[in-house]
1. Look at Ser156 and say whether it is farther than 25 Å from Arg21 by Cα, surrounded by 15 or more Cβ atoms within 10 Å (Cβ to Cβ), modelled with pLDDT under 90 and in contact with a helix residue (DSSP H, G or I) (Cβ under 9 Å, 6 or more places away or on another chain).
2. Which members of the stretch 113-139 meet the condition of being among the small types (Gly, Ala, Ser) and under 9 Å from the mean Cα position of the chain (by Cα)?
3. Scanning the stretch 97-118 for residues that are among the charged types (D, E, K, R) and more than 18 Å from Asp15 (Cβ to Cβ), which turns out surrounded by the fewest Cβ atoms within 10 Å (Cβ to Cβ)?
4. Would it be correct to say that Ile139 is over 30 Å from Arg21 (Cα atoms), modelled with pLDDT of 90 or more and out of contact with any Asp or Glu (no Cβ under 6 Å at 6 or more places or on another chain)?
5. Looking only at residues that are in contact (Cβ under 8 Å) with a residue 24 or more places away in the chain and touching a Lys or Arg at 6+ places or on another chain (Cβ under 7 Å) in the stretch 97-117, which one is farthest from Leu152 (Cα to Cα)?
6. Quick check, is Ile32 farther than 14 Å from Ser119 by Cα and either at pLDDT below 90 or not in a strand (DSSP E or B) (or both)?
7. Consider Leu117 against the criteria (1) assigned to a helix (DSSP H, G or I); (2) over 22 Å from Gly49 (Cβ atoms); (3) in contact with a Ser or Thr (Cβ under 9 Å, 6 or more places away or on another chain): it satisfies all of them except one. Which criterion is unmet?
8. Looking at (1) modelled with pLDDT of 95 or more; (2) over 29 Å from Asn168 (Cβ atoms); (3) crowded, with 22+ Cβ neighbours inside 10 Å, which one does Gly94 not meet, given that it meets all the others?
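The values are calculated or read from the model by the stated rules, or taken from the named source; none is laboratory data. Source: prediction; values computed, not measured. Counting neighbours? That spans all protein chains shown, and the Cβs are built from the backbone with ideal geometry, glycine included.
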Amino acid sequence: MQKIRIKPSEIELKDKLVTVRRVSKVTKGGRIFSFSAIVVVGNENGIVGCGIGKAKEVAESIQKGIDNAKKNLIKFPIINGTIPHEQHGKYSGGYVFLKPASKGTGVIAGGSMRAVLESAGIKDILAKSKGSSNPFNVIKATINALLQIRDLKTVSKYRGLSIYKIFNS
């Protein structure tokens, strides 16, 4: 729907650590190890963001990831604990498909996609990841799909029609 700017003090965000990886850089003097962390933050009510942090220590890389995720928040509509319509998302080699589900279904999604959907506050959804299994590509593709979701008010405003005319045309 839209990228938003929210001050961290305005909203209570919960963070989820998706993955931490040890990466190394080979130099003339040997290997230099550091850590890379992917973090998802959300308020469990339609606002979610992801970030990546890199540092020499694990805790520092996680904190950098959280700070980065707070800068990249998006807002999208949730209706009765699910999304309003089917949506495809793509980022690099990662493709995702999101489909609304009936109440009681739960979050049917894989690892990194599940972290995004639960942080966003979606309770019932069917999701499938295709293509790349790289966690960062899957997360970005999921956020891309959520960004494209529109609710009924937005569609009626965009088309210049009343909600009644959209359903009875």
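1. yes
2. Selection gives Ala115, Ser119, Ala120.
3. Taking the candidates together, the pick is Lys103.
4. No: the conditions fail for Ile139.
5. So, considering only residues that are in contact (Cβ under 8 Å) with a residue 24 or more places away in the chain and touching a Lys or Arg at 6+ places or on another chain (Cβ under 7 Å), the one farthest from Leu152 (Cα to Cα) is Ala115.
6. no
7. Unmet for Leu117, out of (1) assigned to a helix (DSSP H, G or I); (2) over 22 Å from Gly49 (Cβ atoms); (3) in contact with a Ser or Thr (Cβ under 9 Å, 6 or more places away or on another chain): (2).
8. Every listed condition holds for Gly94 apart from (1).
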